[in-house]
Structure formats: structure tokens, C-alpha cells
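First the structure, in the form of C-alpha cells, and then the observations on it.
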Amino acid sequence: MSDLLPFIRAWVTDPRKVSAISPSSPALARLITSEVTAHNTPVLELGPGTGVFTRALLDRGVPQDDLTLIEAGPDFSRLLAERYPKARVLQMDACRLGRQGLFGPGELASAISGLPLLSMKPRQIMGILSGSFEYLREDGAFYQFTYGPRCPVPSAILARLDLQATRIGTTVRNVPPSSVYKIERKSRPDILQTA
Ligand SMILES: C[S@@+](CC[C@H](N)C(=O)[O-])C[C@H]1O[C@@H](n2cnc3c(N)ncnc32)[C@H](O)[C@@H]1O
């Protein structure tokens, strides 16, 4: 209940940016974080809102100081900094995360995104994906949830960045029911064979 008020307030201020009137459920939080492990860090979270996915990451054993949270909303950012004082909370536009030196190249293990990609322009989605993959390891993955029937990253963007998307699960224990996609670099069997 304490998370509902900040959410509704943010939604009234900027409905397009928040794109939901309540935080995600614990079931969706468990699904989107299900492949993250305590030893596979650091982890980047995009659009954490009140921190439902952040909580699930901590429950999976990810140390708070291995978390970077990028949130555009000033009230959400303040709340996150209070709740997770050891995490790195950056109030910024996730579309501009590339070339900021947030991590070394190939340092990041995974990215968890609660961003409303369905209400974003292709140029913005491109900025988010290209920026994240600039930091992600070769075998790193980007996890995105959606209320829609397919991956919310347009196939032209996946092809341009040489990425592939796989649905890892769907939960009806969220309003509305949601699916989670894992986006990763296309496997390169040619390289594996010669290695
Ligand atoms: C649908 S809410 C999801 C919040 C939370 N992850 C959850 O599932 O309950 C979208 C969140 O993304 C944030 N957001 C939207 N656009 C953003 C952007 N360009 N950069 C950073 N955060 C953004 C909003 O402020 C909001 O917190």
C-alpha cells in the first residue's frame, strides 16, 4: 500500500513515462530476476520505480552495492536512495546511458528493465539497448517485461544490434498478465568452432 501512493502520484504527473498505475507484483519480480545469481554481478536496473524488482534482486543474494539503479523520476529516485542506501542510484534518462562510463566495457553481468518500451519511440529503445550492450559481457543478458503479446523491442532494432529475444515466462499473477523476454547477443557458432 505504501508503494501505491508514490506510483499514482507519478502516473498523474507523467502517465506516458510511468505507464502503470501500480507497481509490478512479487510474482513478476521473481520471474524477471529468476536467472540472476549472487555471483553474477554487477547488475543494472532500468526504471525501478518503487523498487519491486530491486527487492527481488536482493532476495536472490545480489549485494546492494553491486546494483546500479537508473530512474528518471525524481520522487522515485529519492525513495530508492532512501530504501537502498548502498546501491548506486542515478536519476537520469535511460535512453542516454551509453558512453557515460557507468561500467567498463563488458563488465556488466545483466540488466533488468521495467521501462515502458511500448510507449517509447524506436530511437529511444535503440539508445537503451545499444547503451546497455556497450557495458554487458559477451554472455550478458537484458531482461524486459511487457504486457503485450510479443517482445516490445522492434525486430529491426534486434537485427541492427545482432541480438535475439526469447520469452522466458509469463505470469498471470500480475495486473495485467505479463511476459518476460531475455535479450542477448546472437550466438556465433562460427567463432565457437574455431576457438
Ligand atoms: C512501468 S513503471 C515500472 C516500475 C517498476 N519497475 C515496477 O515494475 O513496478 C516504469 C518506470 O520507468 C521509469 N522510466 C520511464 N522512462 C524512463 C527513462 N527514459 N529513463 C529512466 N527511467 C524511466 C518510470 O519513472 C517508472 O519508474
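The values are calculated or read from the model by the stated rules, or taken from the named source; none is laboratory data. As the structure is a prediction and not an experimental result, all values here were calculated from the model. Positions of Cβ are backbone-derived with ideal geometry, glycine not excepted, and every protein chain shown enters the neighbour counts.
Among what's in region 63-85 and is in contact with a helix residue (DSSP H, G or I) (Cβ under 9 Å, 6 or more places away or on another chain) and part of a loop (DSSP other than H, G, I, E, B), pick the residue that is surrounded by the fewest Cβ atoms within 10 Å (Cβ to Cβ).
Out of the qualifying residues, it is 85.
Out of the residues in region 88-128 that are among the hydroxyl-bearing types (Ser, Thr, Tyr) and either surrounded by 20 or more Cβ atoms within 10 Å (Cβ to Cβ) or over 20 Å from residue 14 (Cα atoms) (or both), which is nearest to the ligand (Cβ to nearest atom)? Outline the logic, then answer.
First, the residues of region 88-128 that are among the hydroxyl-bearing types (Ser, Thr, Tyr): 110, 113, 119.
Narrowing further to those that are either surrounded by 20 or more Cβ atoms within 10 Å (Cβ to Cβ) or over 20 Å from residue 14 (Cα atoms) (or both): 110, 113.
Details: 110: 15, 113: 8 Å.
Step by step, filter region 88-128, then rank; the result is 113.
Looking at region 148-175 only, could you name the residues that are assigned to a loop (DSSP other than H, G, I, E, B) and either touching a residue at least 60 places away in the same chain (Cβ under 8 Å) or under 18 Å from the mean Cα position of the chain (by Cα) (or both)? Please lay out each step first, then the result.
First pass over region 148-175, keeping only residues assigned to a loop (DSSP other than H, G, I, E, B): 148-154, 161-162, 172-175.
148, 150, 151, 152, 153, 154, 161, 173, 174, 175, listed by residue number.
Determine which member of the set 125, 112 is under 17 Å from the mean Cα position of the chain (by Cα) and either in contact (Cβ under 8 Å) with a residue 60 or more places away in the chain or assigned to a loop (DSSP other than H, G, I, E, B) (or both).
On the way: 125 fails: either in contact (Cβ under 8 Å) with a residue 60 or more places away in the chain or assigned to a loop (DSSP other than H, G, I, E, B) (or both).
Going through 125, 112 in turn, the sole match is 112.
Could you tell me whether region 135-143 includes any residue that is within 16 Å of the ligand (Cβ to nearest atom) and closer than 17 Å to residue 19 by Cβ?
Step one: of region 135-143, the residues within 16 Å of the ligand (Cβ to nearest atom) are 135, 142-143.
With the extra rule that they be closer than 17 Å to residue 19 by Cβ, the set shrinks to none.
No; the residues of region 135-143 include none that is within 16 Å of the ligand (Cβ to nearest atom) and closer than 17 Å to residue 19 by Cβ.
Can you tell me how many residues in region 36-56 are buried (at least 16 other Cβ atoms within 10 Å of the Cβ) and more than 11 Å from the ligand (Cβ to nearest atom)?
The qualifying residues number 6.
Right, residue 54: assigned to a helix (DSSP H, G or I) and either in contact (Cβ under 8 Å) with a residue 60 or more places away in the chain or hydroxyl-bearing (Ser, Thr, Tyr) (or both) or not? Before you say what the answer is, go through the steps one by one.
On the way: assigned to a helix (DSSP H, G or I): yes; either in contact (Cβ under 8 Å) with a residue 60 or more places away in the chain or hydroxyl-bearing (Ser, Thr, Tyr) (or both): yes.
Considered against the rule, which asks whether it is assigned to a helix (DSSP H, G or I) and either in contact (Cβ under 8 Å) with a residue 60 or more places away in the chain or hydroxyl-bearing (Ser, Thr, Tyr) (or both), residue 54 comes out as yes.
So for region 18-41 (the condition being assigned to a helix (DSSP H, G or I) and at pLDDT below 90), does at least one residue qualify? It would help to see each step written out before you state the result.
Start the filter on region 18-41 by keeping residues that are assigned to a helix (DSSP H, G or I), which leaves 18, 26-32.
From what is left, the residues that are at pLDDT below 90 are 18.
The answer is yes; a qualifying residue exists.
Mind checking which pairs have a first residue in region 58-71 that is touching a residue at least 12 places away in the same chain (Cβ under 8 Å) and under 11 Å from residue 43 (Cβ atoms) and a second that is within 12 Å of the ligand (Cβ to nearest atom) and not polar (S, T, N, Q), Cβ under 6 Å, 6 or more apart or different chains?
Filtered contacts from region 58-71: 68/44; 69/45; 69/48; 69/80; 69/89.
Taking region 12-26, which residues are more than 9 Å from the ligand (Cβ to nearest atom) and farther than 21 Å from residue 180 by Cα? Outline the logic, then answer.
We begin by selecting, within region 12-26, every residue more than 9 Å from the ligand (Cβ to nearest atom); these are 12-13, 15, 21, 26.
Result: 12, 13, 15.
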